[in-house]
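Just below is one structure, and these are the notes that go with it.
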Amino acid sequence: MPFYLFLAVVIIREYKRQNFYIFTAIALLITLCDQTASHLIKNLVKRLRPSHEPSLENIIHLSQAGKGGEYGFISSYSTNAFGLATFLILLLPSKYNWLKLTLIIWAFLVCYSRIYNGVHYPSDVIVAMFLGITYGFLVKHVLLKLHIFYKKNDKFKNDRQKGQHVTAV
């Protein structure tokens, strides 16, 4: 939770007037990622988690978190982590490159934890990563297409499109 609160503070400080739209986009993104992974794909594929696979019972040592739900393809935690990381990497300006690297590491650690805890196969998290990245790009693209969110550099581009004379510095 402290990491998510920190991200919220960064967004609020960086995008004062637009943070409502950004938080709405993040809520939409997490909903898309989670519902697609947890309800659509898991129920279509119905592949048992390693923790529920009878042939692996003696090999897997579960954490106190337990076995998880019955089906594991794909990991919704991994989808959510990579969706959010991708969206914020595309959103945040370059002065936050250190945070972008942190987001990538954090997303990979989420994926690793799912495998380490015995609740997902590597393929569960790899496919989830790609789905999360895709949704992160999609939501950022929709935000730009709806003209709800502009990059800070877009004022220059918009003024040029309107025919106003702008001097580049």
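The values are calculated or read from the model by the stated rules, or taken from the named source; none is laboratory data. This structure is a prediction, so every number in the text was calculated from the model and none was measured. For neighbour counting, all protein chains shown are included, and Cβ atoms are generated from backbone atoms with ideal geometry for every residue, glycine included. These accessible areas exclude ligands, DNA and RNA; they are computed on the full protein's heavy atoms, side chains included. Shrake-Rupley method; radii C 1.70, N 1.55, O 1.52, S 1.80 Å.
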Select from the range 111-137 the residues that are within 11 Å of the chain's Cα centre (by Cα) and among the aliphatic types (A, V, I, L, M) and write down the one among them that is surrounded by the most Cβ atoms within 10 Å (Cβ to Cβ). ALA128
Filter result (open to solvent by less than 50 Å² (accessible area, probe 1.4 Å) and either under 19 Å from the mean Cα position of the chain (by Cα) or modelled with pLDDT of 85 or more (or both)) within the range 19-62: ASN19, ILE22, ALA25, ILE26, LEU29, CYS33, ASP34, THR36, ALA37, SER38, ILE41, LYS42
Can you name the residue in the range 1-18 that is within 17 Å of LEU143 (Cα to Cα) and in a loop (DSSP other than H, G, I, E, B) and, of all such residues, is most open to solvent (accessible area, probe 1.4 Å)? ARG17
Quick check on my filter: what residues within the range 63-86 are open to solvent by 10 Å² or more (accessible area, probe 1.4 Å) and at pLDDT 75 or above? PHE73, SER76, TYR77, ASN80, PHE82, LEU84, THR86
